[in-house]
Ligand code: DX5
Ligand code: ZN
């Protein structure tokens with residue numbers, strides 16, 4: 001996939017119907033999703049348990065866009081191979097999840113996946129400043145990870161802008177995750193984010209039997225973001 005900085009909407013399937021994930025993914029893709037964002041959690045790094053590599057492998061055939069896997073697990077290293085073999089296109093590890101972030105990124109790329117780094121709200125950009133050539137995406141968390149439906153943290157807008165300046169011309173995506181909706185999307189898009197994760201703001205009000213709502217929700221976020229850049 002060639003690099004571009006256009007606005008991409010990545011629905012988080014954390015807010016989808018877990019009994020119907022394949023159909024949910026097909027529905028949001030048909031309604032305009034650019035990427036599919038998947039949120040494995042371990043009940044240790046974050047206070048919630050979600051999905052593992054077997055589920056990721058099961059949904060893989062339903063993803064025709066780009067499968068973006070945000071690992072909220074610590075340590076991540078023992079599971080990178082499993083999530084890669086499950087078909088992840090991008091694997092994002094948290095900077096706080098282990099002592100050797102660079103080694104984790106090397107493992108992700110060695111498995112043939114794009115390598116992302118997620119920064120919790122209290123983790124400074126300095127953490128990745130010296131290893132930018134080894135990173136395909138920086139995920140700026142705009143909530144404390146673990147649950148969908150939380151309120152966006154406005155103090156992170158300036159962090160996104162500083163991240164955009166740090167990245168410069170490098171082919172590194174800037175992703176935001178948490179509380180993204182038509183009100184907050186313009187703020188982060190203007191600051192320089194190009195991949196907007198949204199869970200509740202995409203799935204709210206719709207279903208696989210009423211997928212037009214997903215389309216309306218995705219368009220509302222995208223148009224709000226595009227109006228700001
Ligand atoms: C939370 C996850 C997010 C979550 C976002 O830790 O990383 O991807 O699904 O949900 P919303 O968009 O509802 O804040
Ligand atoms: Zn996420």
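We did not get these values from a lab; they are worked out from the coordinates using the rules stated. None of these values were measured; they are calculated from a predicted model. Counting neighbours? That spans all protein chains shown, and the Cβs are built from the backbone with ideal geometry, glycine included.
Going by a ≥ b ≥ c, the root eigenvalues of the Cα gyration tensor, does the range 28-156 fall in the rounded group (a/c under 1.5), the prolate group (a/b larger than b/c) or the oblate group? It is rounded, given that a/c, with a ≥ b ≥ c, falls under 1.5. Using a cutoff of 8 angstrom between alpha carbon atoms and counting only pairs six or more residues apart, the relative contact order for the chain works out to 21 percent.
Fully extended, how many nm does the chain gain between residue 190 and residue 6 (0.36 nm per residue separation, minus their Cα-Cα distance)?
Numbers: separation 184, 0.36 × 184 = 66.24 nm, distance 1.20 nm.
Using 0.36 nm per residue and subtracting the Cα-Cα distance, I get 65.0 nm.
Once both labels are positioned 7 Å from their Cα atoms along Cα-to-Cβ, the gap between residue 96 and residue 126 label points is 1.7 nm. I'd like the distance separating the alpha-carbon centroids of the range 126-165 and the range 14-56, in whole Å. Cα centroid of the range 126-165 versus Cα centroid of the range 14-56: 20 Å apart.
Of all DSSP beta bridges in the range 118-229, what percent run antiparallel (nearest 5)? Write down the numbers at each step before the final one.
Working: 1 of 11 bridges.
Looking only at bridges with both residues in the range 118-229, the antiparallel portion is about 10 percent.
Of the residues 88, 200, the one with the fewest other Cβ atoms within 10 Å heads the list, and the complete ranking is 200, 88.
On the beta carbon distance between residue 210 and residue 103, with R0 = 41 Å, the FRET formula returns roughly 0.35.
Roughly what % antiparallel, to the nearest 5, for the DSSP beta bridges in the chain? Intermediate results must be reported in sequence, preceding the final value.
Values: 2 of 32 bridges.
Taking every DSSP beta bridge with both residues in the chain, the antiparallel ones total about 5 percent.
Projected label points at residue 64 and residue 162, each 7 Å from Cα along the beta carbon direction, are separated by 4.2 nanometres. Take the Kirkwood radius over Cα pairs of the chain, plug it into Stokes-Einstein at 10 °C and 1.306 mPa s, and you get 92 µm²/s for translational diffusion.
Hey, what number do you get for the chain at 222 nm if only DSSP H runs of n ≥ 4 count, each worth -39500 (n - 2.57), divided across all residues, to the nearest 500? Please report the intermediate quantities before stating the final value.
Working: 9 runs with 80 residues, N = 229.
Computed ellipticity for the chain at 222 nm equals -10000 deg cm²/dmol.
Judged by the ratio a/c of the largest to the smallest principal axis of the C-alpha gyration tensor, the range 166-211 counts as prolate, that ratio being 1.5 or greater while a/b is larger than b/c. Going by a ≥ b ≥ c, the root eigenvalues of the Cα gyration tensor, does the range 107-229 fall in the rounded group (a/c under 1.5), the prolate group (a/b larger than b/c) or the oblate group? Judged from the Cα gyration tensor, the range 107-229 comes out prolate (a/c at least 1.5, a/b above b/c). Spin-label model, residue 147 to residue 23: label points 7 Å out along the Cα-to-beta-carbon direction sit 2.8 nm apart. In terms of other Cβ atoms within 10 Å, 173, 94 run from fewest to most in the order 173, 94.
Neighbour counting of Cβ atoms within 10 Å sorts the residues 66, 3, fewest neighbours leading, into 3, 66.
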